[in-house]
Amino acid sequence: GLIERDYISDNPALGVSPPRDRAPDDNIKYLTAEEVERFLAQARKSRGLRGLRDRAMIAMMLLEGWRVVEVARASVENINFAEGEILTRGKGKNAFIYPRRDTLILLKEYLATRGDDIEIDNLGTPLFISHSNLSFGKRMSRNGIRKVINGYLKKAQLKRPGISCHALRHTCGMEIMQQTGNVKAVQLVLRHEDISTSGKYAHLANKKTARYSERSQISI
């Protein structure tokens, strides 16, 4: 799995729990900790190059908060492994993100494994490519990405209205809010221009999980 194989060092859903009450107009759909585990369990079953690609895409959405358009537009030239940064091109202005080390390791392994038979386009060398026989080496489309993620959601029996690729981004936002209690941190990771957008996660987060002192390694 992602954790067992050191692709992801921490459970991205650790501490995430659904709020007791949801307002009727809530439009933030996300996965609970148990649902994330079910989803990842299906992704772990995918082997070979395709499996590596899918887990890398999932890491970018679930751990780094990328949108589908950002996954689709990402190019190899956007990644600076030495500095640990990636130029994100998607909705609004371009911005640099600083992914987790395990995310970068997973991306590097995928790129090293897939070879050089890649079709360069107007955006550069695609980061995520199709692995089908007819279109191998071409940039994945947004629909192609959605099909992959929805496939795992269906296998995990999690597909329902509002639960799709964007739910992974929302899950990332909820996890950050749960672990930090800091709306500004959510804004920085998800790259919201307006902090009020990030603030929507605050009223959904279960404040009881934000017991920071319990994370101390000190024993009494």
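The values are calculated or read from the model by the stated rules, or taken from the named source; none is laboratory data. Just so we're clear, the structure is a prediction, and the values are computed from it rather than from any experiment. Quick reminder, even Gly has a Cβ in these numbers, built from the backbone with ideal geometry, and neighbours come from all protein chains shown. Areas reflect the complete protein model, heavy atoms only, side chains present, ligands, DNA and RNA absent. Shrake-Rupley method; radii C 1.70, N 1.55, O 1.52, S 1.80 Å.
List of remarks:
- Assuming charge only on the beta carbon of Lys and Arg (+1) and of Asp and Glu (-1), the dipole of the range 126-171 about its Cα centre is about 120 debye to the nearest 20.
- Rolling a 1.4 angstrom probe over the range 57-167 with all protein chains present gives an accessible area of which 49% lies on carbon and sulfur atoms.
- The range 130-209: C-alpha gyration tensor shape, a/c 1.5 cut-off, then a/b vs b/c: prolate
- Cα gyration tensor shape of the range 73-127, rounded if a/c is under 1.5, else prolate or oblate by comparing a/b with b/c: oblate
- Per residue, the range 26-145 exposes an accessible area of 46 Å² to a 1.4 Å probe, with every protein chain left in place.
- Farthest positive-ward along the range 53-173 dipole, Cα basis, beta-carbon charges - from Gly115, Val71, Phe96: Val71
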